[in-house]
Amino acid sequence: MTLDDRHTRLLIGLGVAAVILLVRIFSLQILDDHYKEDADNNTTVREIIYPTRGVIYDRNGKILVGNKVAYDIIVNPREVPPFDTVALATVLDVTPEFIRGKMQEYERNRRKIGFQSVTMLKQLPAETYNKFAEVQYRFPGFKGQVRGIREYPINAGGNLLGYVSEVNQDYINRHPGEYRSGDYAGMTGIEAAREKDLRGEKGYHIFLRNSRNQIEQPYKDGEMDKEAVPGHDIVTTIDADLQQYGQELMQNKVGAIVAIEPATGEILALVSSPGINVDQLADIGKHYDEIVSNPYRPMYNRAVQASYPPGSVFKLVNGLVGLQEGVLRPEMMYPCSHGYHFGAGHKLGCHGHKSPLNMEESIMMSCNAYYCYVLKNILDNRRYDGIDESMDHWHDMVESFGFGRKLGSDFPAELSGSIPTAKTYNRAYGKGRWNSTTVISLSIGQGEILATPMHLANLCATVANRGHYYIPHIIKASEGVEIDPKYYQRQYTQVDTVHFPKVIKGMWRAVNSGAGMGGTAWIAHIDGLDVCGKTGTAQNPRGADNSVFICFAPMDNPKIAIAAYVENGGFGATYAAPMASLMVEKYLKGEVRREDLEKRMKEANLMSRVKKD
Amino acid sequence: MIGENTHERGLRQSVDWRLVITYLLLVLIGWVNIYASIHTSDTTTIFDWAERSGKQFIWILTAFGLAGLILFVIPPKLWEGASIPLYAVVCLLLIVVIFVSKDVKGSHSWFELGPVKFQPAEISKITTSLLLASYMSRQNYKMTQWKDFLVTALIIGVPMLIIVAESETGSALVYAGFIFVLYREGLSGWWLGLIGLVILLFITTLTLSPYTSILILIGVLTVGNAFYGNRKDFWRKIGIGGGFVLLMSFLPWLLEFLQGQVQAHLDWMANRFWVPKAGEKDTYIWSFLLKVKPLYILLGLSLASLPFLGIRSFRRRDNFLGMSIAAFISGVLLVFSTDFIFQNVLQDHQRSRIEVLLGMKEDLAGVGYNVNQSKIAIGSGGLLGKGFLNGTQTTFGFVPEQSTDFIFCTVGEEWGFVGCLVVILLYVFLIVRLILDAERCRESFTRIYGYCVAACIFMHLFINIGMTIGLMPVIGIPLPLLSYGGSSLWAFTVLLFIFIALYRQEKKYF
């Protein structure tokens, strides 16, 4: 009997086949434990208990998102005898056809459903459920199941909060082992970002059953049961009243308002307009298509995602960089003859104001020519080996303010904007084929500079803090909820803190010099609050200029730093400045005295100026 | 009688008692487990006539009667002579049953005569084995002659096809086992390899991907060529083919990495908060990479190299290489038609059984229910089992068909791994004895018949146990001698005892 005998080979084959079977059986019986658990699961049944989802609070303890009780009607089709369809339909406030359709659907899928219960109607209000409960005995197989759903007491922060909806198969697959069909999860905004804190842990009660699926008694007298653990509450940094007020001011306008507490980096308000109303959130299924198809894109969170030219507010940055580089001293005077003249007949225009003027006055009156000189001096600085190096150095200093990169807030989908480098222009014009006048519009925050309203608010907070900022964030640490330690760390810019008071003086004068003195932002003045601000009027290639304003108050020990950006709003002082000022008044004084101004802002409708996407 | 004893060896020496005892043990184990599988808390005895265990007792007694009849009464010489009429009659029955039987879960294969039910497909295994043995043992029979080969194929194929027409595809599959008999009698081993390759490609295409299947195909052909050809070329061929396969197995990773980079970029553009689809207008220059599939590259390279291999095979008169090229092309065609076969040729229930087996679809409430419950029952048995009558899964009725097709679950649950080992070893011993006895026969009729018996039992064993532990799709065929049911028990008793009788006759006279 050698290996080449055919019958020997067949015997070897038989041995291999037997070993395959035995190895498989061995792995089933000895190596793999889960079949033993499954055997127990066969004889027990788990009833899932859903936890209540965490509540979302504002900074003052007001509820932004709460829970209310709704009822699902569930049905076990195998337990349903013939019944009065019309009577049930009347009680549940649906058509008899709906119920018949559902029952036919269950009949078709009976193999798949087996002995399980399925949800027939979702989120019925309590009064409908109560009507059903009275006659439930007449409809065996049907019962109600309590289900918490979201409730929004204040119309504030629709874009921030996000919505909760039932998970789909795709979502379940992406979070293996965490969700089952029928569970709810936060899909966007804070609900999504903090899903793990908010959702809590599901519990279960175990019952014994026989193979006919009849439930007999609690398993081991409930010893193995697990109670549901409610989700953690989330405290946001948002001031609900301020947020709501901001949304009211911005209604019928396109743009954003971002308010930050400079001492902490906490975001007090983050308004994006047009936005999403909380009643749309509550019933997102019905409104989703409407929201997505809106040409003004309400889902688009302009506060952190829109890349806008910052306009004149950026002069603050150029001024600070100039001071740090030593090419600008506060007492330096430059002339302005309705603009800055360069090359053969080129001019960057300016409005009428006194000339020549020093740095403080240049901020107060927002002189364009002054910053052309400043930028030219920065870029043509002899200390650097050519414009490539000085340009990149300028870029690095600007970036240290947070521009041109994501700030790293805890808010999802923040965008970075952009700040040009020498490479940007080398690519566009060719190396050595551009100079400081080519890029002169950078001096006034135009050209290749793009920033989000959050960047501008952060700039404002940095100035308010005299040279440092905290990364803006929207979640506060609270019991059971931790936030990243980076939010407690000061972030310094590359500009020495000694230079900041010099520009603040200019910002104070821009607001507090009184009408007719040349200050661009006198409209933002509030009695008793030393508001410091800087206007901006950014060119918009798609229509009228954008209105921009940043301010903080009070000047000493600032409590709020704010940026307002109104698309197609015209001058900075026309819309952005009054709105930011009203926000400051609302926040620091608790009420707004300037009712005429408030009314004018709320009622202004700029939508016809805005080009749709 | 005294005179006879001088010629013949006594009953004790001539009968292979090891076969008989193994048979008795298996039947006994079956009976005990049938009792356990229908056992509930109501106390019934194993002899209760109203229950399946009581009925099985009657089947066992009658089966013993049949065995005695074959062993002592019917002259063994008769079987060879009667093989043609028996085969014809059974084929006729197989056809008749299609028209007169009731529809049982879609199949038409049972005769019902009052309380007695029987399935002609069970007997046809015996008659096919007899005719096959009789035809192949003719003196001038040669498998390589196409006429002989054709008749052999027809003898196996005709009942097989009729049974397929009865929608009993599972039973028909058993006939595939006769290929082992043909192999023993001279069929080229490459055929076995080829059939194995086809099955392998079919499964890998469905479970893994066409890409993996083609890589496997190239690998197998490379190894085949290396072994077949000149020994000194061995490592060179392995090197080239293996290197190619190795290189290509990294291709999907590389492509996936590149595509991941592209996709990440596109996602970054599109997946902005609250903005479902902002990247629609985006025309990212590397986007074309997303459309490239590794399969295209693999096929392109392979097809490009075929002409060179073709010329080489022609120049060197390397027929094996030529055949390999043909095998490669037909293999690729098979891989691509697999989906078509799967979707359009197979019937719904067959498709879903294969899908569940291959893990393509988890359907625990529907088709997957049986297998899942069966695996739970066996898997919960552990090393020593839960003990006789203590199984929870089988006694509470979670496992379907637990006394017939899924009888092995009861063994697995109540007797554990040790019980499974004993049962499988008994079968292996039975088959090994059959093969060794067959090899010892002088008459090729007895030898071939013995191999047929071994092949039938092996196929039933592997398919049935494979099914209960999720290695095989759900194919409703019984576990020989263990499963409840008269017609199955009788058929296997007759099948086995004809061989014992034939073998006894050999030993008696030689």
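List of remarks:
- Taken as a whole, region B:327-342 holds no residue that is in contact (Cβ under 8 Å) with a residue 24 or more places away in the chain, more than 16 Å from B:L200 (Cα to Cα) and in the same structural domain as B:L208 (by TED's automatic domain parsing).
- Exclusive hit being out of contact with any Gly (no Cβ under 9 Å at 6 or more places or on another chain), farther than 11 Å from A:G311 by Cβ and part of a strand (DSSP E or B), set A:A544, A:A561: A:A561
- Qualifying residue in region B:320-328 (condition: crowded, with 16+ Cβ neighbours inside 10 Å, modelled with pLDDT of 80 or more and either within 18 Å of B:M248 (Cα to Cα) or in contact with a strand residue (DSSP E or B) (Cβ under 8 Å, 6 or more places away or on another chain) (or both)): yes
- Helices (runs of 4 or more DSSP H) wholly inside region B:164-248 that include at least 3 residues being touching a residue at least 12 places away in the same chain (Cβ under 8 Å) and more than 14 Å from chain A (Cβ to nearest Cβ): B:169-174, B:189-207, B:210-228
- Verdict on A:I172 being at pLDDT 85 or above and not polar (S, T, N, Q): no
- Scanning region B:6-29 for residues that are in contact with a helix residue (DSSP H, G or I) (Cβ under 9 Å, 6 or more places away or on another chain), modelled with pLDDT under 85 and part of a helix (DSSP H, G or I) yields B:H7, B:L11, B:Q13, B:S14.
- Residue in region A:374-396 that is hydrophobic (A, V, I, L, M, F, W, C) and outside any helix (DSSP H, G or I) present: no
- Criterion (in a helix (DSSP H, G or I), over 24 Å from B:W59 (Cα atoms) and at pLDDT 95 or above) met by exactly one of B:L425, B:L436: B:L425
- Contacts under 8 angstrom Cβ, first residue in region B:141-155 being part of a helix (DSSP H, G or I), partner exposed (fewer than 15 other Cβ atoms within 10 Å of the Cβ), 6 or more apart: B:D148/B:K142
- Of A:G322, A:G326, A:G275, A:G231, all but one fail to be out of contact with any strand residue (DSSP E or B) (no Cβ under 8 Å at 6 or more places or on another chain), over 30 Å from A:Y487 (Cα atoms) and of a type in the set (G, A, S); the exception is A:G326.
- Residue in region A:450-461 that is surrounded by fewer than 22 Cβ atoms within 10 Å (Cβ to Cβ) and in contact with a helix residue (DSSP H, G or I) (Cβ under 8 Å, 6 or more places away or on another chain) present: no
- Exactly one residue among A:L268, A:L242 is on the phi < 0 side of the Ramachandran plot, within 15 Å of the chain's Cα centre (by Cα) and not charged (D, E, K, R), and that residue is A:L268.
- Residue that is modelled with the highest pLDDT [pool: residues in region A:269-292 that are among the small types (G, A, S) and more than 21 Å from A:M250 (Cα to Cα)]: A:A282
- Flag for A:N109 being more than 36 Å from the chain's Cα centre (by Cα) and either without any contact (Cβ under 8 Å) to a residue 12 or more places away in the chain or under 30 Å from A:V278 (Cα atoms) (or both): yes
- Flag for A:Y288 being part of a loop (DSSP other than H, G, I, E, B), within 14 Å of chain B (Cβ to nearest Cβ), farther than 22 Å from A:M517 by Cα and of a type outside the set (A, V, I, L, M, F, W, C): no
- B:N390 meets all of the listed conditions (1) farther than 14 Å from B:N33 by Cα; (2) modelled with pLDDT under 95 but one, namely (1).
- The strands (runs of 3 or more DSSP E) falling completely within region A:115-201 that include 3 or more residues that are under 30 Å from A:H473 (Cβ atoms) map to A:142-151, A:164-166, A:184-186.
- Any chance B:E506 is touching a Cys at 6+ places or on another chain (Cβ under 8 Å) and surrounded by fewer than 23 Cβ atoms within 10 Å (Cβ to Cβ): yes
- The one condition in (1) crowded, with 16+ Cβ neighbours inside 10 Å; (2) aliphatic (A, V, I, L, M); (3) out of contact with any Ser or Thr (no Cβ under 7 Å at 6 or more places or on another chain) that A:A263 fails to fulfil: (1)
- Taking the criterion of being of a type in the set (G, A, S), assigned to a helix (DSSP H, G or I) and modelled with pLDDT of 85 or more, the residues of region A:293-324 that qualify are A:A303, A:G311, A:S312, A:G319, A:G322.
- Residue that is farthest from the other protein chains (Cβ to nearest Cβ), among those in region B:367-384 that are touching a Gly at 6+ places or on another chain (Cβ under 6 Å) and modelled with pLDDT of 80 or more: B:L384
- For region B:437-476, the set of residues classified as away from every other protein chain (no Cβ under 14 Å) and aromatic (F, W, Y) consists of B:F445, B:Y449, listed by residue number.
- Pairs are defined by a Cβ separation below 8 Å, a sequence spacing of at least 6 or placement on different chains, a first member in region A:12-32 that is more than 19 Å from B:F429 (Cα to Cα) and facing chain B (nearest Cβ under 7 Å), and a second member that is loosely packed, with under 14 Cβ neighbours inside 10 Å and aliphatic (A, V, I, L, M); the pairs so defined are A:Q29/B:L383; A:I30/B:L383.
- Flag if A:E585 is over 24 Å from A:G467 (Cα atoms), of a type outside the set (F, W, Y), buried (at least 22 other Cβ atoms within 10 Å of the Cβ) and out of contact with any Phe, Trp or Tyr (no Cβ under 9 Å at 6 or more places or on another chain): yes
- Against the test of being within 14 Å of chain B (Cβ to nearest Cβ) and exposed (fewer than 13 other Cβ atoms within 10 Å of the Cβ), the options A:R78, A:R174, A:R138 yield a single qualifying residue, A:R174.
- When each of A:Y429, A:Y469 is tested for being more than 20 Å from A:A369 (Cβ to Cβ) and surrounded by fewer than 19 Cβ atoms within 10 Å (Cβ to Cβ), the lone residue that passes is A:Y429.
Conditions (1) basic (K, R); (2) surrounded by fewer than 24 Cβ atoms within 10 Å (Cβ to Cβ); (3) under 19 Å from B:V174 (Cβ atoms); (4) within 10 Å of chain A (Cβ to nearest Cβ), marked per residue:
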| site | (1), (2), (3), (4) |
| --- | --- |
| B:E413 | no, no, no, yes |
| B:G416 | no, yes, no, yes |
| B:Y427 | no, no, yes, yes |
| B:P478 | no, no, yes, no |
| B:L482 | no, no, yes, no |
| B:I500 | no, no, no, no |
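The values are calculated or read from the model by the stated rules, or taken from the named source; none is laboratory data. Just so it is clear, the structure is predicted and the values come from calculations on it, not from any experiment. Glycine gets a Cβ as well: all are built from the backbone with ideal geometry, and neighbour counts include every protein chain shown.
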